[in-house]
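Reviewing the structure listed below.
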């Protein structure tokens, strides 16, 4: 891929940062709902939380994760960092892809429990309360993973892949050959 113009790079970077940080914020909101439901005995709150978690999942978490993944790919392919040149870019891609896939799969469970909550009678309260522990785990681990990716993307730890090292050597050789002309 050809390098991006500065204007396009700034637009892509702004979109990537906004969606990545937005994804983290949406996970924090999701966790707040889980904790509110876990610490409250009101059945109506429990019902509302499951329905709200479904909405946050489909209308915030998944779109933000997909745009974050897409803009991360665009940034890596259109900048000097490359997709396979540096370990931190590769690890960010793998972790973001993993988080997105797990999120999409997990939303099926949230859908089921939100449907039960929407039609709930008093007999189903126990199952909905038991499901909150899994939500706390998934969202908590997801938040830690997203923060780890964010830290990697800010600090950009050293370390080139074998492919990146070969590319760098090839560029140096080409540059020295051109300088010798």
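Filtering region 115-169 to residues that are in contact (Cβ under 8 Å) with a residue 40 or more places away in the chain and under 16 Å from the mean Cα position of the chain (by Cα) leaves 139, 140, 142, 143, 145, 146, 147, 148, 149, 150, 152, 153. Residue 95 fulfils the conditions (1) assigned to a helix (DSSP H, G or I); (2) touching a helix residue (DSSP H, G or I) at 6+ places or on another chain (Cβ under 6 Å); (3) crowded, with 16+ Cβ neighbours inside 10 Å except for a single criterion, (3). What about residue 35, is it in a helix (DSSP H, G or I), over 19 Å from residue 142 (Cα atoms) and in contact (Cβ under 8 Å) with a residue 24 or more places away in the chain? So residue 35 does not fit the description; no. Does residue 101 meet the test of being at negative phi and within 20 Å of the chain's Cα centre (by Cα)? Criteria met by residue 101. With respect to being assigned to a loop (DSSP other than H, G, I, E, B) and farther than 18 Å from residue 22 by Cβ, residue 126 falls outside the description. For the residues 89, 21, the requirement of being under 30 Å from residue 130 (Cα atoms) and assigned to a helix (DSSP H, G or I) singles out 21. Each residue in region 19-28 was checked for being in contact with a helix residue (DSSP H, G or I) (Cβ under 6 Å, 6 or more places away or on another chain) and either under 17 Å from residue 58 (Cβ atoms) or at pLDDT below 95 (or both), and 5 of them qualify. Being exposed (fewer than 15 other Cβ atoms within 10 Å of the Cβ), at pLDDT 90 or above and either within 28 Å of residue 152 (Cβ to Cβ) or touching a strand residue (DSSP E or B) at 6+ places or on another chain (Cβ under 8 Å) (or both) is a property that residue 32 has. Are any of the residues in region 50-57 over 18 Å from residue 138 (Cα atoms), without any contact (Cβ under 8 Å) to a residue 40 or more places away in the chain and assigned to a helix (DSSP H, G or I)? Among the residues of region 50-57, not one is over 18 Å from residue 138 (Cα atoms), without any contact (Cβ under 8 Å) to a residue 40 or more places away in the chain and assigned to a helix (DSSP H, G or I), which makes the answer no.
The values are calculated or read from the model by the stated rules, or taken from the named source; none is laboratory data. Just so you know, these numbers come straight off a predicted model, no measurement behind them. All Cβ positions, even for glycine, are placed from backbone atoms using ideal geometry, and neighbour counts span all protein chains on display.
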